[in-house]
Amino acid sequence: MAEPKIDLKNLKAGGFIKERGKDLFTVRLRVPGGRMSVDRLSKIAAVAQKYGKGYVHLSVRQSIELININFADFDAVVAELGEEQQKVASCGARVRVPTACGGCEYNPNGLVDTQKSALEVDQKLFGTATGHHKFKVGFAGCPFDCPKSATNDVGFQGAVWPKLDADGCISCGLCAKSCTEGALSMGADNKPVFDAAKCIYCGDCIKVCPTSAWSAEKKGYTVRIGGKWGRRPLIGTLFATFVPEERVVDFIACVLTWYQEKAEGAGRVRLGDIIIREGWQSLLERLRSEFPQYVVQETIAPHVIQNQVPLPGQQA
């Protein structure tokens, strides 16, 4: 049997992950945004049945992983999957496949088209070498944040800023009743009173208004940067609001360039750790130079999660 043509030096980088068994690998498939056609899913199932363990693993990053693929079958697996229709994902110090919820296509809470954003990022930035560590991007369509955007290096969350046409308001009070954050109440004149500090940009007031007196003044993504999970988790913090969907790729590219520069010589280190080391002001200034109308005035460093309690006698 001919030797596989896969470059062994780049196996993991190309999504071929060594397993415990001799010559056995997990093949991680690229599924941007977690969406896949039924026809493609059927083809993957057939390949997994023929060459693998007979089942697949759905990763927490929305990838499909083929289990127990023998090294000798790599070329056949890639050929039968069809490289143009089903690309292999990446590992290592690269921009990973973006994750996303269903967005606004069918989810009644969705505010932005997260699937479109995830596909665009995948097409333009996937596999970009960081030089330092993995770089994860995630998209949530609304403040429910099912994809946990703040645990990504750059996490996007759909947001809308409401505006009231007082003349169109019929004082029904539905907006105030629907606002679970307490950002809306009914005033003495029986018109809504808006507390901007409590608004989480969910747009529920707009959805429930029977006369369309509430409308969207601004819409886009809230962006949190510096998150990660793992042994030493960090929660990303707010760096920008209402970034337009069409500026997402440019925004990520700006963050990525800053990360590559500031982490030079630091080895395997994640973006959030570099923000803590350099100070959030440095990244904020870089972003403000390109996105002045969206970047917040100030923020805080990524939040360290203390997830282990020291045992008695151990130093905290």
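Taken together, the values in this text are just the output of simple stated rules run on the coordinates, not laboratory data. Nothing here was measured: the structure is a model prediction, and the numbers come from that model. Cβ sites come from the backbone with ideal geometry, for glycine too, and all protein chains shown count toward neighbours.
Highest mean first, the peptides 50-63, 116-129 sorted by other C-beta atoms within 10 Å per residue fall in the order 116-129, 50-63.
Helix 248-262 versus the longest principal axis of the chain: what angle, 0 to 90°, nearest 10, using Cα atoms? For 248-262 against the chain, the angle is about 70 degrees. Taking the number of Cβ atoms within 10 Å of each Cβ as an exposure proxy, the fewest-first ranking of S185, S42 is S42, S185. When the Cα gyration tensor is reduced to axis lengths a ≥ b ≥ c, the ratio a/c is 1.5 or higher for region 165-217, and with a/b not above b/c it is classed as oblate. With a Förster radius of 51 Å applied to the beta-carbon distance between L238 and K22, the computed FRET efficiency rounds to 0.60. Compute the signed sum of charges (Lys and Arg +1, Asp and Glu -1) over the other residues within less than 15 Å, Cβ to Cβ, of S282. Every neighbour counted, the sum reads -3.
Which FRET efficiency value, to the nearest 0.05, do you get for A253 and D189 by plugging their Cβ-Cβ distance into 1/(1 + (r/R0)^6) with R0 = 51 Å? Each step should come with its number before you reach the end.
Working: r = 48 Å, r/R0 = 0.94.
Efficiency, rounded to the nearest 0.05: 0.60.
Based on the convex hull around the alpha carbon atoms, region 63-125 presents an average projected area of 6.0 nm². For the chain, the extents of the C-alpha atoms along the principal axes are 83, 50, 46 Å, listed from largest to smallest. Nearest 0.05, what FRET efficiency do Q293 and C146 give at R0 = 41 Å with Cβ-Cβ as r? The formula returns an efficiency of 0.90 here. When the P(r) is computed for region 242-311, the part past 17 Å accounts for 50% of the Cα-Cα pairs. Based on DSSP H segments of at least four residues, each scored -39500 (n - 2.57), the chain has a per-residue ellipticity at 222 nm of -7000 deg cm²/dmol.
For region 119-236, a/c is not less than 1.5, where a ≥ b ≥ c are the root eigenvalues of the C-alpha gyration tensor, and a/b tops b/c. That puts it in the prolate class.
Per the Debye calculation on region 63-187 with a single equal scatterer at every Cα and no solvent contribution, log₁₀ I(q)/I(0) for q = 0.10, 0.21 Å⁻¹ amounts to -0.50, -1.22. P(r) tail, region 181-316: Cα-Cα pairs separated by more than 24 Å, 48% of all pairs.
Across region 8-81, the volume of the C-alpha convex hull divided among the residues equals 91 Å³ per residue.
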